[in-house]
Amino acid sequence: MIDDLDLGFDEQDRGEKGRHRRGAVRRRQGKSGGSRGKTLLALALALILLGGIGGGAYYGFDRIQNYFVTPDYDGSGTGEAIVEIKQGALIADMADALVAADVVKSTKAFIEAAEGNARSKNIQPGTYKLRKQMSGDAAVTAMLDLKNKIVNGLTIPEGLTAKTVYKRLSEKTDIPVKDFETAAKDPEALGVPDWWFKRSDGKKIKPSIEGFLYPDTYEIPPKATAETVLKLMVENFLTVTGEMKFADRVQAERGGVSPYEALVVASLAQAEAGNKDDLGKVARVAYNRVYGEFPCNCLEMDVTVNYYLELTGQKTKASKDMTPAELDNPKNPYNRKLRGLVPTPINNPGKQALEGAMAPPPGKWLFFVAIDKEGHSAFAETYEEQRRNEQKAKEAGII
């Protein structure tokens, strides 16, 4: 009896008898029957069959019904559920999070509702206060209503050091700075892949979170910990650099420079460039000084001195106020006169600085100086040309 019941299985598995019966169903339906008629017929036959077996077969019917019908709740739900949608989440990822919180009955219910709503692409990452057991349509509508989004936003600008980021996060969340410092001691536990911590210049690496706390606006989840917040920032860094193909392009185009070394260069450009237009050119200067024909193959950038001062709890200074001992401190691993790149990034660069380090414009520049109040710099290949640019900067009142 069951052998004769057509539930839509593959004809090859059913044999000639199955093909004959499927053809017979199509003829009875005619041109307008469609899959709906076939589904209703199969459900009706299944109901008759299972009803004949007895009430104990209800569970089997429910499974068969779910095969044909999308499991979904009715209405707008009850109670409360807090759901976090992560940065870069796809509709399927959102559906998984909603099912886990019992907001929707099945991933299929939410996915079908989202596909049927042209505005669903506007659903944003963040934390939502929703109801339990909502229909897929109701869940999509609720997530498009910003009233249901828990806003606890904090903007981290480009170029902040990790120490400064911890202070900003602590002020917003009341999580002690020490908790962030403790969590940051193990960058790999926060999600940074170990392959990031490789250099091609032979220098040893002590893994640091510096450079991986991507600058952006973040919504801090309720009951967040230092670990969860830093993981959120690292995940964002990996998403952005992955979409840029940062590591792949650096390895393919930068002549043996590792992605980590390029991240260091991006942080230098972020700190030194007075205008976003110059980020790529400053990155090129850094590469030229370290890997080119600069006499010491050193950076000679005062921003590395300031990073060391901040790292050791000292007050940062303008270049003109730095003493000779500070500018050339032999105990400073970020000494501006040491050969090669500094040990770690010196801040957390944004996307444009990363792009500049990944694909800097061609040029033989070794020097630059700001020449206007908007922060634009003039770039030079020789020191004589740099002196002329410095004179222009003095005449403009910049230096």
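The values are calculated or read from the model by the stated rules, or taken from the named source; none is laboratory data. Note that the coordinates shown come from a computational prediction; the quantities given were computed from them, not determined experimentally. All Cβ positions, even for glycine, are placed from backbone atoms using ideal geometry, and neighbour counts span all protein chains on display. Note: accessible area is taken over every heavy atom of the protein model, side chains too, but ligands, DNA and RNA are not part of it. Shrake-Rupley method; radii C 1.70, N 1.55, O 1.52, S 1.80 Å.
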*Taking all protein chains as present, what is the carbon and sulfur share of the accessible area of the range 74-193, in % to the nearest whole number, probe 1.4 Å?*
47
*Could you work out how far the C-alpha centroid of the range 262-338 sits from that of the range 84-119, in angstrom?*
47
*How far is it, in nm, from the label point at residue 86 to the one at residue 315 when both lie 7 Å from their Cα along the line to the Cβ?*
4.4
_Convex hull projection area averaged over all views, the range 104-144, Cα basis, nm²_ = 2.7
*If the viscosity is 1.306 mPa s and the temperature 10 °C, what translational diffusion coefficient in µm²/s does Stokes-Einstein give for the range 233-359 when Rh comes from Kirkwood over Cα pairs?*
106
_Between residue 382 and residue 167, what is 0.36 nm times their sequence separation minus the Cα-Cα distance? Round to one decimal in nm._
73.3 nm
_Just to be sure I understand the model, the point goes 7 Å from the Cα along the line to the Cβ. What's the resulting residue 325 to residue 395 distance in nm?_
4.0
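Run through the range 92-200 and list the GluC sites (Glu not before Pro) located in a DSSP loop whose Cβ has at most 16 other Cβ atoms within 10 Å.
188
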_Convex hull of Cα atoms in the range 307-399, direction-averaged projection (nm²)_ = 7.7
*Output the direction-averaged projected area (hull surface divided by four) of the convex hull of the alpha-carbon atoms of the range 73-149, in nm².*
4.0
*Over the range 135-199, give the accessible area per residue in Å² for a 1.4 Å probe, as an integer.*
52
*In 5 Å bins starting at 0, how do the alpha-carbon pair distances of the range 119-194 split up by percent?*
3, 12, 16, 15, 13, 12, 14, 11, 4, 0
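Please compute the alpha carbon radius of gyration of the range 158-219, then divide it by the globular-protein estimate 2.2 N^0.38 Å. Two decimals is fine. Provide the component values of the computation, followed by the final result.
Working: Rg = 13.0 Å, N = 62, 2.2 N^0.38 = 10.6 Å.
In units of the 2.2 N^0.38 Å rule of thumb, it is 1.24.
Mind running the shape call on the range 184-257? Use the C-alpha gyration tensor, a ≥ b ≥ c as the square roots of the eigenvalues: rounded below 1.5 for a/c, prolate if a/b tops b/c, oblate otherwise. Mind dumping the intermediate values first?
Values: a/c = 3.32, a/b = 1.64, b/c = 2.03.
The shape class here is oblate.
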_Please compute the per residue accessible area over the range 328-399 with all protein chains in place, 1.4 Å probe, rounded to a whole number of Å²._
54
*asked:* In the range 202-241, whose amide N lies under 19 Å from the spot 7 Å out along Cα-to-Cβ of residue 178? List them in ranges.
replied: 225-228
